[in-house]
Structure formats: C-alpha cells, structure tokens
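What follows is calculated from the coordinates using simple rules that are stated; it is not laboratory data. This is a predicted model, so every value here is computed, not measured. So basically every Cβ, Gly included, is an ideal-geometry build from the backbone, and we count neighbours across all protein chains shown.
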Amino acid sequence: MKSHARVVVIGGGVVGCSVLYHLAKFGWTDAVLLERSELTSGSTWHAAGGMHTINGDTNVARLQKYTIELYKEIEELSGQATGVHITGGILLAATQDRFDWLKGVVAQGRYLGLEMQLMTPEEAQIDMPLMDPSKFVGAVRTHTDGHLDPSGVTYAYAKSARKLGAEIETHTMVKELHQQPDGGWLVVTDKGNITCEHVVNAAGLWAREVGRMAGLELPLLAMEHMYLLTEDMPEVAEANAATGHEIIHAVDFDGELYLRQERGGMLMGTYEKACVPWSVKETPWDFGHELLAPDIDRIAPSLEVGFEHFPAFQNAGIKQIINGPFTFAPDGNPLVGPIPGMGGMWMANAVMAGFSQGGGVGLALANWMINGDPGYDIFGMDVARYGNWASMAYTNAKVQENYSRRFSIKFPNEELPAARPLRTTPIYDLLAADGAQFGVSWGLEVPLWFAPDGVRDEFGWRRANDFEHVAAEVVAVRNKVGLFDTSGYAKYAVKGQGAEAWLDHLLACRMPATGRMKLAPMLKQDGRVIGDFTLAKLDRDDFFIVGSGVAQDYHMRWFLEHLPDDGSVTVEPYGQTLAGISIAGPNARDLLAQVTDADVSAEVFKFMDIRRLDVAMAKAIVGRVSFTGDLGYELWMAPEFQRHIYLALHAAGQDLGLRNFGLRALNALRLEKSFGSWGTEFRPIYTADECGLNPFVALKKDAEFIGKSCATKNAKAGGKLRLCTFILDTKDCDVIGNEPIYHDNNVVGWVTSGGYAHNANSSVALGYVPRELADKETGWAVEILGTVYSAKQQFQPLFDANGAAMRG
Ligand SMILES: Cc1cc2nc3c(=O)[nH]c(=O)nc-3n(C[C@H](O)[C@H](O)[C@H](O)COP(=O)(O)OP(=O)(O)OC[C@H]3O[C@@H](n4cnc5c(N)ncnc54)[C@H](O)[C@@H]3O)c2cc1C
C-alpha cells in the first residue's frame, strides 16, 4: 500500500467505488480506496438491485437519471457485466390522492426529460399482468426503471477506476483518522499508515463509526429491510410468453410494495410500518456477508395487501426472505459533501438507493473535490442540511418515520410528527395558546398559521381548511399590523478589523454605512448565487448578517472556507442564542413607537436603517425591513427577552389591530411582492441576472468580490433563464413547486414556489422560463395535478409596486 495519496476513499460498496471512479475519470488518479474486507461487504451485496428515476426532489431525480445512464459507460470501460435490465416500470395508485400525486410526477418529468404516461388500471394491466386492476384507480408508465446485479455494478465501477489509474486495497481496515497541522489527514489502517489531502467517508453501514474516528456524529441510521423471492410462477411464464418480455418493475404505493421479476418467479419488497432499526448505537465490525433473521409477521400486513393487489402471489411458494440493513438520513436522502469547518473531510453516506443514486453521488462529490463545486444543485443531499442539533435520538425517530412512510403520501402542507417538538423558541407556548399550527424548519418549531379553537391543520393537494384563516392574517398585516417569530432565520456575527474588507470580497453588494443594511447576494466563482442575505453594519468592525435558517451550516461552511487565517475576522452563527420577532403592516411604526423611547419616526428611522434600541425593558437590535413588503421591523434579542418583548408588543398592539401571523401568510405576502426566497427561487444554479438579484450585485465596486469576473460576463450575456411571476386561472388549488410551465403549449420552464396571494386575490406562481420568452405577457399555462391552467405573466409586484408603503 502506498504511504501517501491525494485522496483516500473509505469503503468499497457501490458508493465508494462510484466516488473512486469519478475521481479517476476527472483526472484525480492519485486516489486509493480502502476496504476492510472484499468489495461489497456492507449493504451493497444483498440489495434487491432495483433502480428508478423518480424522487421528490427534482435535483436528486436528475442525478438518479444520470446514474442509470452511466451503467453502459462503466460496463464498456471495465468489461464487467452489470446485469442491467431496463424493463421500464409501472407506478400504481390505489387512491385518488395518490393518483393526483402521480400526475404531479408525470408533470415534473416533462421538464426533467423523463417520458412517462398516465394510464388506467386496465391499460397498466397489459404491462403488469399480475395486478388486479379493480384495486387501483390509475397508473403511470415509466421507461427508465429496471434492475441490475449489485455486485456486478460495484465491480464495474471498481475495475473502471483501476483502469483509469486509481488503486483499491481490500482487506485493509481504517482504524483511526487524524487531521494534521497542515490540514491533511493521517489514515491509520491495520496494514500501515497513509497520509492524504482528502478523506471520503463512504463506509455505508459503518459511516457513523468512521465519522466518530474524526469526532463526528453523523445523522444516519440503518434499518432492517426485507424482500421475498418466490418459486417459479406459472403466471410469470405465461406473461413472459404473452408479452415477449419479462414482467416490468412495479411500485404499489398504497400497498407500500415494490415488485419485479427474478428469474421465473417474482421479488416483492416492502417498507413496513412496524419497521425496526438495526444497530442503533454502533454497527458491529464483525458484520459482513450475513443476513438478518427474517420476520414475516412484521411484513405480513403489507404482504396481505400485496397478495390482494397481485393475486398470483396467493399461489406462489416463497423461496427465500432476505432481511438486510442499510442506512438512511432523517429525510431519506444521502449525506454528501464536505463537513463544514473540517477541511478535507468528505461524506458520501446514507445513500439508501445506491443503485439509483450512487453514480450521481460520485459525480457530484468528485466535481466538488476537484472544482470546488458539485456542478449540480444538491442541497437536498448536502450533509450541511443538518445541524449539530440532529442528535442520535432525533435521527432514530426521524429515520423510522421516514422508512415507515417511504411510499406514503406527504401532502405539501403536511407536517410529520416524529421527534417534535425538539427545538422551540421562548414564545412557543404563547404562540401555541393563540392557536399556532406549527411546522418544523431545521428542527425548530415555526408557526405556520393560527387556528381558531377546535380547528386543526387538514392536509390535501388542494386548498385546505387553513385558507380563510391565513387570509385573515394576511389582511391584518396589510391593513393593520402583524407579528411573526423570526427566530428560525440564520443570524451571524462578523467581527474584527478585517471584517469589512473580507465581507466586501465575500459578498457582491456594496458595504453598508454604519447603522444601515443592504441586500447582499453572495456569488460563487462562476457568478451563480450561493447566498442571499441582509447585511447590516452595526458599528465599525461589527457586522450582522441575516439569512435562510435551513442554510445556516451550508453558509457557515462557505464563510469558513473563505475566512482569512490571520485572525483578523471572526464569523459566528448565533443559532438560537439570538431570537427574533418581526412586526409588519401600516401600524408597525406606531406599534414600535409605543414600546420604545427612541425616535422611530419615518424621517429618523428610515427604510434599511438598523439600531440598538431598548424595546420595553429589553435590549434589542431593530432593523427597518420586512419580507412581507410592508412597513416593518425585525427585532433581534437575547432569547431571555423574547417573551418580554412579545408580551409588550401584544399589550401595546391591542388598539392597533395587532395579530400573530405565520409562515403561510408570510409566503402569501412575499408572493405579492414577487420576492424570491433562498432554497426555492435562489439556488446555486442560477445567475444573479436570471434570479433577479442583479440590482444588488455591485459590478462597479472596487473590491474584487468572489464571482465578479463571471458575473460581469454573465451580465453581458444575460443568462439563459429568467425568474418570472405568473397569475394562474385556478379555482381550488395552487402550485406547490416543481410544476411545468408551458408557453404556447410547449413545456419551457418550471415553478419554484407559489401559493394563494390573499390580499391580491390571486393564485401566484414564481418560476424560471427561457430569457427570450420572459417579455411575453400571455400564452402561458401551468400544470397542476394533471390539469393545465392558463396563466398570465405579472410584470409588476401585485402589492405596493413602487415600494411606497415599504419605504414610507
Ligand atoms: C435488503 C436490501 C435491499 C435493497 N434494495 C435496493 C434496491 O433495490 N435498489 C437500491 O438502489 N438499493 C437497495 N438497497 C440499498 C443499497 O444496498 C444501498 O443503497 C447501498 O448498498 C449503499 O452502499 P454504500 O457503498 O453506501 O454502503 P455499503 O454497501 O455498506 O458499503 C460500505 C463498505 O465500507 C466498508 N468499510 C466500512 N468501514 C470501513 C473501514 N473502517 N475500513 C475499510 N472499509 C470499511 C465496508 O466493509 C463496506 O464494504 C437495499 C438494501 C438492502 C439491505
């Protein structure tokens, strides 16, 4: 074994081998993979080998499509058979709600380049002769699903990587990891030591143990998973003879089952409700090529449905039940990317569908390591999407919830109950007493809307029972004044004598004067937007930044990567050590005036001003800004003061019509202003011109900020896309996100977010379309739940188009 390599990949499962292959393919051949046993000695060897492209996150779906398309390439390069059979698939819906969801999947496929067809159960039966059509209401035919040989695929990656110059050392177990003073890593193995610049943790079932070697506690957990194999079935032989091909891959969502042909019989797997985690605290090192004891009682309820939905199974003999463990993150998506603040430590873990996702994970990670950017929008898989609040017990609860709901419907307004409430703000119980219906954002309970006594959130695809109540909150804000708990926003302190110069380099905006704020886009080297903040200068060498709560660690990672190492600047996230309250609406100034002695008149406390004020008896930082687009203020205070300020505002606000509002009202309010939001409109795949943040990019400022040269070029070229606002002609539904946008009957773009803008009485969608169509007012349509609704482009904000209310 060599004593130094640029990269050490730990783990020779499908994921580690894919990472190694992609590194070698892109030129980093000084890479060595260490495997404690033979390749495929974790969850890889007993996988069912199914593959599919659909995923709730369209960006992950794109990478799944890439993975499946890659198999031909590695088979040819390695000469190793992968056993890939693209049979196509059928997605079955036994309820109308599920069929509505499938319509959305088909619609998404239109702009992802995935061809799919909606069909009746009778039509589906032609392709899937084992099903009983009377048990279903509809189906979708897919064309890229299929199955493969898990071991063949892993060896094809490995052999391809070796051919390109990378190395693999089997029977070499990593025992310790030590970061060196130069930032590199010392990898201690049972065969000797190896130093490297980068370590990739692709240790699958042992990812937590390998993480712990570097002092990390990763939010992932293995679950037991079972599938059965039947004896040969005459119905299968008949179907093969009649159709001339094997029985296609099928997912029966309501039965929570997946099926495919395996030789002359069938394979049926299930994500059972009574699921069982495996090795909750520690994965034993002596686990390898063995299976877990099957527990047929646990999967019996699913099998019963399966036998009803696919009657031929009733006569089939069960040849074997496979039970094996594999790992999941709390939301079921992989954990990929560099660990914030730990240079050279990369994750490729919790890949629960290694044969659909492994290629994409390898591609994104190799891009990221080599070019500093994953090349795709992979926030949905980014290890930084979880903070260190994601404890082992939280992970345990969430992973089990996710597993048991793998094929369940999650309505867009549905909030899942496991591991809650975990993180709460000091006014949580006061908001709850006012009827708050909470959602969760980065583990924190956030009020979504306020329900009258006895009313609770009801879920569905269409407008729900919150509609009129959210409308009332919106009306209160626009006409009087509303209060919202902003503690979930990310807040950072940037201090030091080098702070201003550093921020000038990091952010694309001009630096604010003391006591002022600026909207601050942050660009990557390629000129695309990696952050969007409000930047405030509180004092000399003392800056305050507010951004997206879910992206706190994602942005901290970027900040730390770019922080000078001379100690001249410090950056710290406040997390929940700083709480927030926003007040917004025409009476907001009068309300603030009642709880402070400071002069907050329009002349003195102007739009985008920020001050340290005493609010009631508490110290606070108050900025005049509001995401609602109204006259408004954001108040920031130590958590011990949040309750006091909240109560003081409510006491003073009685006569001013103050009421609480939630995230859903905030969404309705910002839509009327066409304000984009991080994670939906603003993502690292769009340039500032495309997403409309270009007015805040100061191309003419002296500082050489990150991305300036590309942003200058982008501004000249104009970009390919434009973020536009549309008003939809709908009656009982609004967009959720990811719907296709049509122009003149062709799919040309996609929706990023939207909803009902109650004050403007309009169903609004924000989305990206080609730049050359962005000046067209008409000819637009958006597909929601299988129905195409005509739409009109809205060029001006629906509310306060000239900003008079906000600035006044
Ligand atoms: C019953 C079952 C059915 C499944 N069906 C499917 C399916 O149909 N389709 C699908 O896409 N996925 C399926 N999966 C999931 C799939 O198996 C996983 O997504 C995949 O195997 C993850 O691969 P991995 O490389 O991340 O991890 P693993 O396969 O666990 O590989 C990790 C490797 O790292 C090595 N290692 C760990 N620690 C060290 C160390 N310290 N030093 C050196 N080496 C180390 C291990 O020996 C192991 O070989 C199924 C899983 C199970 C259990």
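The table below lists the values:
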item: Three-way shape call for region 7-88 based on the alpha-carbon gyration tensor, with the a/c threshold at 1.5; result: prolate
item: Three-way shape label, region 437-581, alpha-carbon gyration tensor, a/c 1.5; result: prolate
item: Per-residue HN-Hα couplings for region 482-491 [Karplus 6.51, -1.76, 1.60; θ = phi - 60°; Hz; x = Gly/Pro]; result: x, 10, 9, 7, 9, 4, x, 5, 7, 10
item: Nearest 10 degrees, 0 to 90: helix 552-562 Cα axis against the chain principal axis; result: 90 degrees
item: Residue-averaged [θ]222 nm for the chain, counting only DSSP H segments that reach four residues, each worth -39500 (n - 2.57); result: -8500 deg cm²/dmol
item: Extension gain from A432 to F307, taking 0.36 nm per residue of separation minus the Cα-Cα distance; result: 40.5 nm
item: Nearest-0.05 FRET efficiency for Q179 and R540, computed from C-beta distance (R0 35 Å); result: 0.50
item: Computed E for K731/I685 - FRET, C-beta separation, R0 30 angstrom, nearest 0.05; result: 0.35
item: Trypsin sites (Lys or Arg not before Pro) within region 496-602, DSSP loop, no more than 11 other Cβ atoms inside 10 Å; result: R540
item: Additional length obtainable on full extension of the chain from L186 to L647, 0.36 nm per residue less Cα span; result: 160.5 nm
item: Karplus-derived 3J(HN,Hα), 6.51/-1.76/1.60, for each residue of region 186-194, Hz, glycine and proline x; result: 9, 9, 9, 10, 6, 10, x, 9, 9
item: J(HN,Hα) series, region 742-759, from Karplus relation 6.51 cos²θ - 1.76 cosθ + 1.60, nearest Hz, glycine and proline x; result: 9, 10, 6, 6, 10, 6, 10, x, 9, 7, 9, 6, x, x, 9, 8, 5, 5
item: Additional length obtainable on full extension of the chain from S279 to E73, 0.36 nm per residue less Cα span; result: 70.5 nm
item: Magnitude of the charge dipole, the chain, Cβ model with Lys/Arg +1 and Asp/Glu -1, debye to 20; result: 2060 debye
item: For the chain: relative contact order, % (alpha-carbon pairs under 8 angstrom, 6 or more apart); result: 12 percent
item: Residues whose placed amide H lies under 5 Å from that of Y789, excluding near-sequence neighbours; result: V782, E783, I784
item: More than 45 Å apart - percent of Cα-Cα pairs taken over the chain; result: 27 percent
item: Out-of-range pairs (alpha-carbon distance over 25 Å; input K537/K713; K2/K175; K713/K792; K720/K776; K491/K606); result: K537/K713; K713/K792
item: Positive-end extreme of charge dipole, region 102-247 - chosen from L112, G183, A202 (charges on Cβ); result: G183
item: Using a Förster distance of 60 Å, the FRET efficiency for Q117-S568 (Cβ separation, nearest 0.05); result: 0.50
